[in-house]
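The values are calculated or read from the model by the stated rules, or taken from the named source; none is laboratory data. Since the structure is predicted, the reported quantities are computational estimates derived from the model, not experimental observations. Positions of Cβ are generated from backbone atoms using ideal geometry, with glycine treated the same way; all protein chains shown enter the neighbour counts. Heavy atoms of the whole protein, side chains included, go into the accessibility calculation; ligands, DNA and RNA do not. Shrake-Rupley method; radii C 1.70, N 1.55, O 1.52, S 1.80 Å.
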Amino acid sequence: QVQLVQSGGGLVQPGGSLRLSCAISGSIFSLNRMGWYRQAPEKQRERVAAITSGGSTNYADSVKGRFTISRDNGNNTVYLQMNNLRPEDTAVYYCNAGLVPAMWEYEDDYWGQGTQVTVSS
């Protein structure tokens, strides 16, 4: 059984920084794409950042230059370093992984439990 366990998040003042982590455990045959999404109240979930197995990254325009996604393939962990945070970054953040649990299965999406990030003075 695959589990994505998130850590980090919390309350920070505008201009501050936070780091989110997401550790993936369980049956993993192939860990492919990984990413972070967020959902603010009464808004749709949006993709914030993504990283491929080869290390290529992609960011939402709203976070470019402020957020950095990285992954530790040896530990099956993905990180999101968030700098210069703004009130509009306030949301519940979710990690996502596209992985194949076993050789005879297809790739599927897996999600973390979500963590609240609040940017406020």
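Annotations
- Accessible area of residue 109 in the full protein assembly, 1.4 Å probe (Å², nearest 10): 70 Å²
- The trypsin sites (Lys or Arg not before Pro) of segment 63-121 that meet both conditions, a loop assignment by DSSP and at most 15 other Cβ atoms within 10 Å of the site Cβ, are 64, 66.
- Sequence ranges 52-58, 15-21, ranked by mean other-Cβ count within 10 angstrom, highest first: 15-21, 52-58
- Two-site FRET efficiency, residue 108 against residue 13, from Cβ-Cβ distance with R₀ of 30 Å, rounded to 0.05: 0.20
- The separation of segment 1-63 from segment 65-120, counted between C-alpha centres, amounts to 1 Å.
- FRET efficiency, residue 86 to residue 27 (Cβ-Cβ, R0 41 Å, nearest 0.05): 0.60
- Whole-number accessible area per residue in Å² for the chain, which is evaluated in the context of all protein chains at 1.4 Å: 54 Å²
- Restriction of the chymotrypsin sites (Phe, Trp or Tyr not before Pro) in segment 1-76 to DSSP coil positions whose beta-carbon has at most 14 other beta-carbons within 10 angstrom yields 29.
- Measuring nothing but how far apart in sequence close Cα pairs (under 8 Å, 6+ apart) lie, relative to its length, segment 76-121 scores a relative contact order of 43 percent.
- Surface composition of the chain: carbon and sulfur atoms hold 45% of the protein heavy-atom accessible area at a 1.4 Å probe.
- Note on residue 40 and residue 75: the model spin-label points, each 7 Å out from Cα along the C-beta direction, lie 3.1 nm apart.
- Label zone at residue 118 (point 7 Å along Cα-to-Cβ), backbone N below 15 Å, segment 12-38: 12-14
- With each label modelled as a point 7 angstrom along the Cα→C-beta vector, the residue 2-residue 58 pair spans 1.8 nm.
- Integer Hz, Karplus 6.51/-1.76/1.60 couplings in order for segment 7-20, x for Gly and Pro: 8, x, x, x, 9, 9, 7, x, x, x, 10, 9, 10, 9
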